[in-house]
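Derivation of every value follows stated rules applied to the coordinates shown; laboratory data play no part. All values reported here derive from a predicted model rather than from experimental measurement. Every residue, glycine among them, receives a Cβ derived from its backbone with ideal geometry; neighbour counts consider all protein chains shown.
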Amino acid sequence: MTLSAKLANVEDIPLGEGRAFTHDGRQLAVFRLRDGSVRVLDAVCAHAGGPLADGLVDDAVVVCPLHNYTYNLDTGNEVTDSGLSVCAFAAKVADDGSVHVDL
């Protein structure tokens, strides 16, 4: 069963950046890409627990600020084939500007 959860207002997340939110005890990183779309990953790097929402982001990846592990924003897979990954979630921006994620 998929639960759609409202996390934030899209205007609270600057273009090209991420922000961390918590829903039911789960830490989630919401990224607002420069095209206005959003991506959501688990907020904690699988390598050393770094805060992914604070990482550098482009239209395809986020780079963990601690040790430069790089995660695909669509799949959550670490791009150097290290075997590490974080969960990626389907997300959308509703007509009222709220960000919803499928958990």
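Indicate the gyration tensor shape class of the chain (rounded, prolate or oblate), computed on the Cα atoms with a ≥ b ≥ c the square roots of the eigenvalues: a/c under 1.5 is rounded; otherwise a/b larger than b/c is prolate and the rest oblate.
prolate
Distance between the modelled labels on T80 and S98, one decimal in nanometres: 4.1 nm (7 Å Cα→Cβ projection). Summing charges over all other residues whose Cβ lies under 12 Å from the Cβ of H100, with Lys and Arg as +1 and Asp and Glu as -1, gives -1. Taking 0.36 nm per residue of separation and subtracting the Cα-Cα distance, full extension of the segment from D59 to H23 would add 10.5 nm. About the Cα centre of the chain, how large is the charge dipole given +1 on each Lys and Arg Cβ and -1 on each Asp and Glu Cβ? Please answer in debye to the nearest 20. With only Lys, Arg, Asp and Glu charged at Cβ, the dipole is about 160 debye.
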